[in-house]
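Undergrad: After the structure tokens below, expect a handful of questions from me.
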Amino acid sequence: MRILVTGGAGFLGSHLCDRLLAEGHEVLCLDNFFTGRKSNIAGLLTHPRFEFFRHDVIDPFKFEVDQIYNLACPASPPHYQYNPIKTTKTSVMGAINCLGLAKRVKARVFQASTSEVYGDPAVHPQPESYWGNVNPIGRRSCYDEGKRCAETLFFDYHRENKVDIRVVRIFNTYGPRMHPNDGRVVSNFIVQALRGEDVTVYGDGSQTRSFCYVDDLIEGFVRLMEQTETVGPINIGNPGEFTMLQLAELVLRKVGGKSKIIHRELPADDPKQRRPDISLAKKYLRWEPKVPLEEGIERTIAYFREAIKNS
Ligand code: NAD
Ligand code: UDP
């Protein structure tokens, strides 16, 4: 198949491009390099079935494709809050452009949604049937509400225009190729520890997250796209739940060195807990994560050790 991946030069997008090429597909990667990097796709640029297009998803685009994966959007809070109006435009207009293209060329289209649609959840763990608890006017709203509106658009195009959609709600994912200055917790802790700097836990560190290793996530993406039993939304994430203090201690133990834990102010609207209910992924995709946190953190530390040495 010929497959378009928007946001294909980013952390998840570049792993997805690798996977789709390995399966024999032709891959068109569209990215404006806002948070993505050439180095993520450097190895692919000479691949005969890979093409890169520097383009912004908020501007319309035309390709003859069989499938579209829409991943274009900054994902880390410092990056999506840098230009919040642009973040909303990217989510909403990017979704409209992907859906319009899918409608015209009759492509199956996949939306990378997020556990952020659940906001600071009052239901725990979060099943797909939960409508969420999102602040519509806060610092995280540009991302949360942008992604919620994108889901609305996907389901309206599906109902009104019979567009063949798939919607995944991604829970915190980590692994090689995260940007070292991305600002997300796993990359921050590892990079700080490797540099011998103190590890910054926001608030008292009792807030929880569930961390999925990137290879597990990409397997879930492809399974969702390939099956026809459900269009989603479907949670993909690792149900193992850890406090940020536990994560900091794990990273310090694995890296070694002299770094200490220090506390910084908790960002506004920071969700207190998050854990996916993955019953639907098990039922429809026969998917569950395989890589435990310790192992995934070891692989990610090995990646950053090399990346820092070569930078
Ligand atoms: P990332 O920031 O590494 O990748 C996003 C990519 O989109 C980058 O390459 C960036 O340059 C590109 N991009 C941003 N705005 C664009 C625009 N206007 N036009 C074209 N390209 C644009 O982040 P990621 O972790 O790889 O996230 C990929 C997708 O998955 C995002 O949609 C994100 O919301 C979603 N997601 C990720 C996680 C996670 O834990 N990694 C969790 C939930 C949802
Ligand atoms: N966090 C932290 N130290 C950091 C970066 C993040 O303690 O250096 C916390 C943050 O406050 C949040 C959790 O880690 O509670 C996950 O943050 P991240 O930005 O990775 O993702 P999100 O909040 O979107 O889940």
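Undergrad: Can you give me the angle between helix 84-105 and the longest principal axis of the chain, using Cα atoms only, in degrees from 0 to 90, rounded to the nearest 10?
TA: Roughly 30 degrees between the two axes.
Undergrad: Scan around GLN207 for amide H atoms under 5 Å from its own, H built in the peptide plane at 1.01 Å from N, and keep only partners 5 or more places away or cross-chain.
TA: Under 5 Å from the amide H of GLN207: MET244.
Undergrad: Here is a further query. Which shape class applies to the range 216-311: rounded if a/c is under 1.5, otherwise prolate when a/b exceeds b/c and oblate if not, where a ≥ b ≥ c are the square roots of the Cα gyration tensor eigenvalues?
TA: Since a/c reaches 1.5 and a/b is larger than b/c, the shape of the range 216-311 is classed as prolate.
Undergrad: Show me 191-200, 50-59 ranked by packing, highest mean number of other Cβ atoms within 10 Å first.
TA: Values: 191-200: 17.6, 50-59: 16.1.
Top of the packing list down: 191-200, 50-59.
Undergrad: While we're on this one: Once each part is reduced to its C-alpha centroid, what is the distance from the range 196-259 to the range 283-297 in angstrom?
TA: Result: 11 Å between the Cα centres.
Undergrad: When you take every Cα atom in the chain, what is the radius of gyration, and what is Dmax, the widest Cα pair distance, in Å?
TA: 18.6, 59
Undergrad: In addition: Of GLY146, GLY132, GLY237, which has the largest mean-square fluctuation in a 10 Å C-alpha GNM of the chain?
TA: With Cα springs under 10 Å in the chain, the top fluctuation among GLY146, GLY132, GLY237 is at GLY132.
Undergrad: I've got another one for you. Tell me, what are the semi-axes, in whole angstrom and largest first, of the equivalent ellipsoid of the range 82-212 as set by the roots of 5 times the Cα gyration tensor eigenvalues? Don't skip to the end; give the middle numbers.
TA: Values: eigenvalues 193, 61, 40 Å².
Semi-axes, largest first: 31, 17, 14 Å.
Undergrad: How many angstrom lie between the Cα centre of the range 1-57 and the Cα centre of the range 81-131?
TA: If you average the Cα positions of each part, the centres end up 20 Å apart.
Undergrad: Which loop-located GluC sites (Glu not before Pro) does the range 213-271 contain, where loop means any DSSP state but H, G, I, E or B and the Cβ has at most 13 other Cβ atoms within 10 Å? List each step's numbers first, then the result.
TA: On the way: sites: GLU219, GLU226, GLU229, GLU241, GLU249, GLU265; in loops: GLU229, GLU241, GLU265.
Of the GluC sites (Glu not before Pro), the ones in loops of the range 213-271 whose Cβ has at most 13 other Cβ atoms within 10 Å are GLU229, GLU265.
Undergrad: Still on this model: So what is the calculated 222 nm ellipticity per residue for the chain, using -39500 (n - 2.57) for each DSSP H run with n of 4 or more, over all residues, to the nearest 500 deg cm²/dmol?
TA: -12000 deg cm²/dmol
Undergrad: Taking all pairs of distinct Cα atoms, average 1/r, flip it, and tell me the Kirkwood hydrodynamic radius of the range 2-91 in Å to one decimal place. Intermediate values should be presented prior to the final figure.
TA: Values: mean 1/r = 0.0759 Å⁻¹.
By the Kirkwood definition, the hydrodynamic radius is 13.2 Å.
Undergrad: Give me D for the range 114-166 in µm² s⁻¹, whole number, from Stokes-Einstein with Rh from the Kirkwood sum over alpha-carbon pairs, 20 °C and 1.002 mPa s.
TA: Working: Rh = 11.9 Å.
D, rounded to a whole number, is 179 µm²/s.
Undergrad: With angles folded into 0 to 90 degrees, how steeply does helix 244-255 sit against the dominant principal axis of the chain? Use alpha carbons for both and round to 10.
TA: 80 degrees
Undergrad: Quick one: length gained pulling ARG159 to GLU229 fully straight, 0.36 nm per residue minus the C-alpha distance? Mind dumping the intermediate values first?
TA: On the way: separation 70, 0.36 × 70 = 25.20 nm, distance 1.62 nm.
Roughly 23.6 nm would be gained on extension.
Undergrad: Please sort 116-128, 298-310 by packing, taking for each peptide the average over its residues of neighbouring beta carbons within 10 angstrom, highest first. Mind dumping the intermediate values first?
TA: Details: 116-128: 19.3, 298-310: 14.8.
In descending order of packing, they fall as 116-128, 298-310.
Undergrad: Would you mind telling me the antiparallel percentage of the DSSP bridges in the chain, rounded to 5?
TA: Numbers: 2 of 37 bridges.
Roughly 5 percent of the DSSP beta bridges within the chain come out antiparallel.
Undergrad: Still on this structure, please answer the following. Relative to the longest principal Cα axis of the chain, at what angle does helix 293-309 sit, 0 to 90 degrees, rounded to 10?
TA: Around 90 degrees separate the two axes.
Undergrad: Turning to a different aspect of this structure: Sorted by packing (mean other beta-carbon atoms within 10 Å per residue), highest first, where do 267-274, 171-178 land? Don't jump to the answer; show the numbers that get you there.
TA: Working: 267-274: 15.2, 171-178: 23.4.
For the peptides 267-274, 171-178, the packing ranking is 171-178, 267-274.
All of the numbers you see were taken from the coordinates with simple rules; none came from a lab. Because the structure is a prediction, the values reported are computed rather than measured. Neighbour counts run over all protein chains shown; Cβ positions are idealised from the backbone, glycine included.
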